[in-house]
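Read-outs: derived from the displayed coordinates by stated rules, not from any lab. A quick note: this is a predicted structure, and the numbers were derived from the prediction, not measured. As a convention, Cβ positions derive from the backbone with ideal geometry for all residues, glycine included, and neighbour counts pool all protein chains shown.
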Amino acid sequence: MSTEFFSTTSKIQYEGPDSDNALAFRWYDKDRLVDGKSMADHLRLAACYWHSFCWDGFDIFGDGTMDRPWADGQSSLGDPMAQAKLKMAAAFEFFDKLGIAFWCFHDRDIAPEGDSFAETARMVDEMVDLAGQYQADSGLKLLWGTANLFSNARFQAGAATNPDPEVFANAAGQVAHCLEATNKLGGQNYVLWGGREGYETLLNTDLGRELDQMARFLHMVVEHKYKIGFEGLILLEPKPFEPTKHQYDYDVAAVHAFLQKYGLQDEIAVNIEVNHATLSGHDFAHEIAVAFSAGIFGSVDANAGDPRLGWDVDRFPVSVEEMTLGMVEILRGGGFTSGGLNFDAKLRRQSTERDDLFHAHIGGMDTMARALLAASSILNSGDLDNSRDARYLGWTTEFGRSILTGDTTLAGLHSRSMTAAEPVRVSGHQEALENIVARHIERIR
Ligand code: XLS
Ligand code: NI
Ligand code: NI
């Protein structure tokens, strides 16, 4: 395990905005205080295991392209467990050199599948023990763990929403095991992304029944969380489609309605992914604002789509403006508690060198750091909030309050309208507000 996979010999350092060193941070300065809290504590950045260490560049049209001697298709070891250990050595070397605080994994990322449930579970346990040692040695922490309930062919028609209770039971066993593994590694959250919890056609689907099944599944997950003493949050990750044509966890609003219907709203929150927001026809900031207003904000998968590609391309975030608008909502809502920003993001297929992983993460971390600084500058100036408050001023008057407290009736407002003056229209000043955002982004240092 002493083999080094990455040529970078030392940790990536902060060198400031004027640095031309491609392997240095220009904005991410982990100890820098922003509103009394370090950048690292604000952002709680995480790297993901799957795209960065399990994926070698294969796509539906072609083979792997990337130099990944540890990855499944390319390791010459022939022994799946030895290969999984090689992959873990590469991953933790990378996390450590990057100086990122957290990581995230699926059970199937870290360990191979065996011929039976029990054998697979045993291999997961062995790899979890090894991950525990790496965590202890490096100080790296687990932002969240999750069970992969979408790759294995048995989940072709869903896991919790499968028409066959045998598949439901198998998935429940897998989640119990993965939740325990996450707990053992001190995971701060547990995520459920239901990639196959949806349908391809209503011709063979009983939608209402499937939603009931999903709710039952989640109630059991919550029950198990308390049983094993897991203190983290349980998070659902909304996505409108892909791989299924329609996914039940369509967006934050749909998840909130589902949680309320089944009495889960106090137990489960959301993991919002930037490009899933885009795919559902929303802005990233919108999904954050909906989650905070519903009281279910949990964590974020920080990535981006491509404006001309309608699938989950998982680019590393590069748009400071898009991320700033999201960060404004996150800071307004009070910031992260157990959640953080996970780079559920992957390289382009032609970025074949190992060090491209560093370039991608450095760019993503710098983008999030700039967004944090800009958002904090915007909120501290009060520029947006003052004009927002001014728009709602009428609601603070005695008349406005009387409507909201229920002292008014529709009939009362009807007769009032007979004599009241025409309401005065005021400007929304959107362009001026956009200029304010641009100014803060330009000026941060
Ligand atoms: C897929 C999801 C997935 C989850 C974890 O689109 O983003 O990566 O984050 O299963
Ligand atoms: Ni994700
Ligand atoms: Ni995704």
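Assorted remarks:
- Cα-based helix-to-principal-axis angle, 430-443 vs the chain, degrees rounded to 10: 50 degrees
- 23 Å Cα-Cα reach of residue 184 towards lysines, excluding residues that sit fewer than 8 places from it in its own chain: 85, 87, 141, 225, 227
- Between 0 and 90 degrees, the angle of helix 117-138 with respect to the longest Cα principal axis of the chain falls at about 80 degrees.
- Relative to one another, the C-alpha centroids of the range 192-241 and the range 328-388 are positioned 28 Å apart.
- Residues of type aspartates and glutamates that residue 97 reaches as a straight line, Cα spacing below 12 Å, ignoring anything fewer than 8 places off in the same chain: 4, 355
- Between 64, 39, 131, the Cα set farthest toward the positive side of the dipole of the range 1-148 (charges on each charged residue's Cβ, about the Cα centre) is that of 39.
- Cα gyration tensor shape for the range 195-339, rounded if a/c is under 1.5, else prolate or oblate: oblate
- Along each principal axis, Cα extent of the range 20-150, largest first, Å: 52, 32, 27
- Computed over the chain: relative contact order in percent, which uses C-alpha pairs under 8 Å that are six or more apart: 16 percent
- Note on residue 30: aspartates and glutamates with a C-alpha under 15 Å away, same-chain residues under 8 apart excluded, are 15, 41, 96, 366.
- Springs between Cα atoms under 10 Å define the GNM used for the chain, and in it the highest mean-square fluctuation of 140, 404, 264 occurs at 404.
- Put simply, the C-alpha atoms of the chain give a gyration tensor, and the ellipsoid matching it has half-axes of 40, 30, 19 Å, longest first.
- The spacing between the range 67-84 and the range 258-308, judged by their C-alpha centroids, is 35 Å.
- Think of each Lys and Arg Cβ as +1 and each Asp and Glu Cβ as -1; about the Cα centre, that makes the dipole of the chain roughly 880 debye.
- Less than 5 angstrom separates the built amide H of residue 234 from those of 190, 269, all sequence-distant by 5 or more or on a different chain.
- Within the range 267-374, the trypsin sites (Lys or Arg not before Pro) that combine a DSSP coil assignment with at most 12 other C-beta atoms in a 10 angstrom radius are 308.
- Sorted by Cβ density within 10 Å, fewest first, the residues 426, 270, 290: 426, 290, 270
- Compared with the dominant principal axis of the Cα atoms in the chain, helix 320-332 is inclined by about 70°.
- Centroid-to-centroid separation of the range 126-178 and the range 1-34 [C-alpha atoms, Å]: 32 Å
- The chain - mean residue ellipticity at 222 nm from DSSP helices (-39,500 (n - 2.57) per run, n ≥ 4, rounded to 500): -14000 deg cm²/dmol
- Electrostatic dipole magnitude of the range 255-353 [Cβ: Lys, Arg +1; Asp, Glu -1; Cα centre; debye, to 20]: 120 debye
- Qualifying GluC sites (Glu not before Pro) for the range 108-203 [loop in DSSP, other Cβ within 10 Å: at most 15]: 200
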